[in-house]
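Report on the following structure.
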Amino acid sequence: MPVPIPRQRAIPAVESGQAQAASACGGSAEDSLTDASAQAPRTPDTAGNTTDKAEHHPAHTNLTLLLIEDDPAGSPIVPDMLDQAGKPIRVRTARNLTEAERLLTDDVHCILLDLALSAPGRSDSDDELAVLRHVLELAPRHAVLALTASGDAERGAEAVRVGAQDYLFRDELDGRLLSRAIRYAVERKRSESAERRLAEGKLRAQENRRLERGLLPTPLLEGSSLRFAARYRPGRSRALLGGDFYDVVRTPDGTVHAMIGDVCGHGPDEAALGVELRIAWRALTLAGLCGDQLLGTLQQVLEHERADDEIFATLCTVDIAPDGRRAGLCLAGHPSPLLAGPGRPARLLPYDNNGPALGLLPGARWPRMQVELGAEWSLMLYTDGLIEGRVGEGGERLGQEGMTEMVRRQFAEGLRGEQLLRAAVNEVRDLNGGELTDDVAVLLLDRVP
C-alpha cells in the first residue's frame, strides 16, 4: 500500500484550476484534524516522473473548506454542504491560527474565518480585523470568507475592503447559502489572481520596453552637417531590440564614424551581446581607435562576452573625413554599404577586401579601404535582414542586386531620409508576403552642400 506523501504548499487549489473539482472517493462532511496530512497518492507516469493523481484528474478532488473558529462548546457551525456536482464539500476545522497554518495545504480551496477569533502576537487591540489581516498574510492566494455576528454588516463590509472575498452572518448559515458563497469566493479569488498576474505581466512588459528603448543608440552628431536617419525592426515578436545594432558618433577632429552590425541569431542573448558591442565600439571610437585595431579589440570583447564559441558577429564601419568627400571602410563579413548621389545611380561600395566576421578567426585582420564619396551623396548601411526577404512565391531572395534596384527607383522618385528608409523596409516586407523573420537595421547618412 503506497504511503501518502504531503504535497508542498506551492500553488493553492484556488489558482491551480481545481476550484470546481469533485471527488470520486467521497469524503465526510467534516474531517478530523488527522486529515490534515491526507493527500492524493503519487504515482509514476509513463515518462517515469512522479505525479499527483489529483492534479491530473481534478474531477477526483473534493472542494475543501478550512474553518477557523474557536467554539468552546465544540458544536459545529457548518452544515452539510454539496458542491455543484453534488459531492460533499470537505471541511477541516482549526481552533486557532497555529492549527490553521498546519492544515493550510495547497488543496484547500477556501477559508471560512470567524472574525471573533483573537490574533496571536497582535498588540493593537483596537484592530477588530487583526485576525483577518493575519490570515491574509498567512494565505495570500486562498479565497477567504469572513464570518461575523448577525447584524454586524459594517464589520463584514470592512472585512471585504481589507481583502476577504465575501462575508456571512454566523447565525444565518445554511448548506445552500454557504455552498454558493464558497463557490463564489473561490471564483472571485481566481479572477482576482488572474487580474493581478495580468497586471504584473503588463508592468514587466512596460519595464522591458523602457529598458530596451533605453538601449537603442542616440547618435552623437553635434556640429556635423550630415543628416542622419535610421530604421530598426527586431525579428522577435513583441520586442524592441534584436541582435542587430548600429551607432553614429562625431569625434572632436570632425570625423563622423558610423557602424552597423549583426550578431548571429536574434534572441535576447544576441540582443544583449549586440548592445555590449555597440557600447564598446562607441567607447573605443571616442578613445581614438579605428580600423583594424578597433575591430580586433571588439573581437576580444565578443569572445569574452559570448555564451557560446559558435557565436559570431558581422560588422561594417565607416569613418567619414571632416570635409565629407571621402571615407574609410572596414568590413567584417558584412554586406557592403550602398552609395547614391545626384546623377549617379545607387551602387554598392567595393567589398573585395572583406575580412572575416568577428569571433571566427583568432588574430584576424580587417583592411581599411579608402573610398571617394563626392560633394553630395547618400550612404546607406544595412543588415542582411533587408536583403534576405523572399520575393514572390518561388522562394527567391531579394539579395543585394534587388535591393540596389529598389533603392535606385526610390531615389529617382525623390525619396530621401526617413521617407526612403520607411519605403524600403515596407517594400521588402510586402515582397516577402508578410513580416520579416530576421532583424532589420538600416541607417542613412546624407551630405547636402
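The values are calculated or read from the model by the stated rules, or taken from the named source; none is laboratory data. These numbers were taken from a predicted model, which means no experiment stands behind them. Reconstructed Cβ throughout: ideal geometry from the backbone, glycine too, with neighbour counts over all protein chains shown.
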Checklist entry - Taking region 137-167 as the search range and keeping residues that are surrounded by fewer than 17 Cβ atoms within 10 Å (Cβ to Cβ) and aliphatic (A, V, I, L, M), which one is modelled with the lowest pLDDT? => result Ala149
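Residue under question is Thr105, and the condition is that it be at pLDDT below 50 and assigned to a loop (DSSP other than H, G, I, E, B); does it hold?
Values: at pLDDT below 50: no; assigned to a loop (DSSP other than H, G, I, E, B): yes.
It is false that Thr105 is at pLDDT below 50 and assigned to a loop (DSSP other than H, G, I, E, B).
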Item to check | Residues within region 324-344 that are at pLDDT 95 or above, part of a loop (DSSP other than H, G, I, E, B) and either on the phi > 0 side of the Ramachandran plot or among the acidic types (Asp, Glu) (or both), tallied | outcome: 1
Checklist entry - Can you pull out the residues in region 341-351 that are under 13 Å from Arg368 (Cα atoms) and surrounded by 15 or more Cβ atoms within 10 Å (Cβ to Cβ)? => result Leu349, Tyr351
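Which is among the hydroxyl-bearing types (Ser, Thr, Tyr) and modelled with pLDDT of 95 or more, of Thr218, Thr251?
Working: Thr218 fails: modelled with pLDDT of 95 or more.
Only one candidate qualifies: Thr251.
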Checklist entry - Among the residues of region 290-323, how many are touching a helix residue (DSSP H, G or I) at 6+ places or on another chain (Cβ under 9 Å), assigned to a loop (DSSP other than H, G, I, E, B) and either outside the structural domain of Arg365 (by TED's automatic domain parsing) or more than 26 Å from Pro268 (Cβ to Cβ) (or both)? => result 1
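The rows are residues; the columns are (1) within 29 Å of Glu427 (Cβ to Cβ); (2) among the small types (Gly, Ala, Ser).
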site	(1), (2)
Gly235	yes, yes
Leu240	yes, no
Asp247	yes, no
Cys264	yes, no
Asp269	no, no
Arg282	no, no
Ala287	no, yes
Cys290	no, no
Thr314	yes, no
Item to check | Residues of region 276-289 satisfying the condition of being in a helix (DSSP H, G or I), over 30 Å from the mean Cα position of the chain (by Cα) and either over 18 Å from Ala327 (Cα atoms) or not assigned by TED's automatic domain parsing to the domain that holds Ala327 (or both) | outcome: Leu284
Item to check | Residues that are in contact (Cβ under 8 Å) with a residue 24 or more places away in the chain and out of contact with any Asp or Glu (no Cβ under 8 Å at 6 or more places or on another chain), drawn from region 193-207 | outcome: Ala205
Checklist entry - Restricting attention to region 390-404, does a residue exist that is more than 15 Å from Asp438 (Cβ to Cβ), within 33 Å of the chain's Cα centre (by Cα) and at pLDDT 95 or above? => result no
Next on the checklist: Taking the criterion of being touching a strand residue (DSSP E or B) at 6+ places or on another chain (Cβ under 7 Å) and under 23 Å from Asp127 (Cβ atoms), would at least one residue in region 170-179 satisfy it?
Outcome noted: yes
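So that you can scan it fast, the table gives a plain yes or no per residue for (1) within 24 Å of Val256 (Cβ to Cβ); (2) without any contact (Cβ under 8 Å) to a residue 24 or more places away in the chain; (3) of a type in the set (Phe, Trp, Tyr); (4) surrounded by 15 or more Cβ atoms within 10 Å (Cβ to Cβ):
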position: Leu339; (1), (2), (3), (4): yes, no, no, yes
position: Asn353; (1), (2), (3), (4): yes, yes, no, no
position: Met403; (1), (2), (3), (4): yes, no, no, yes
position: Val407; (1), (2), (3), (4): yes, no, no, yes
position: Gln419; (1), (2), (3), (4): yes, yes, no, no
position: Asn432; (1), (2), (3), (4): no, no, no, yes
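Residues to consider are Arg231, Arg209; find the one that is in contact with a Leu (Cβ under 8 Å, 6 or more places away or on another chain) and modelled with pLDDT of 90 or more.
Working: Arg209 fails: modelled with pLDDT of 90 or more.
So the residue among Arg231, Arg209 that is in contact with a Leu (Cβ under 8 Å, 6 or more places away or on another chain) and modelled with pLDDT of 90 or more is Arg231.
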Checklist entry - Condition test on Gly363, is it more than 20 Å from Cys330 (Cβ to Cβ), at pLDDT below 95 and surrounded by fewer than 17 Cβ atoms within 10 Å (Cβ to Cβ)? => result no
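Checking the structure you have, find out if any residue of region 282-301 is closer than 20 Å to Val440 by Cβ, in contact with a strand residue (DSSP E or B) (Cβ under 9 Å, 6 or more places away or on another chain) and crowded, with 23+ Cβ neighbours inside 10 Å. Walk me through it before giving the result.
In the first step, residues of region 282-301 are kept if they are closer than 20 Å to Val440 by Cβ; the result is none.
No, every residue in region 282-301 fails to be closer than 20 Å to Val440 by Cβ, in contact with a strand residue (DSSP E or B) (Cβ under 9 Å, 6 or more places away or on another chain) and crowded, with 23+ Cβ neighbours inside 10 Å.
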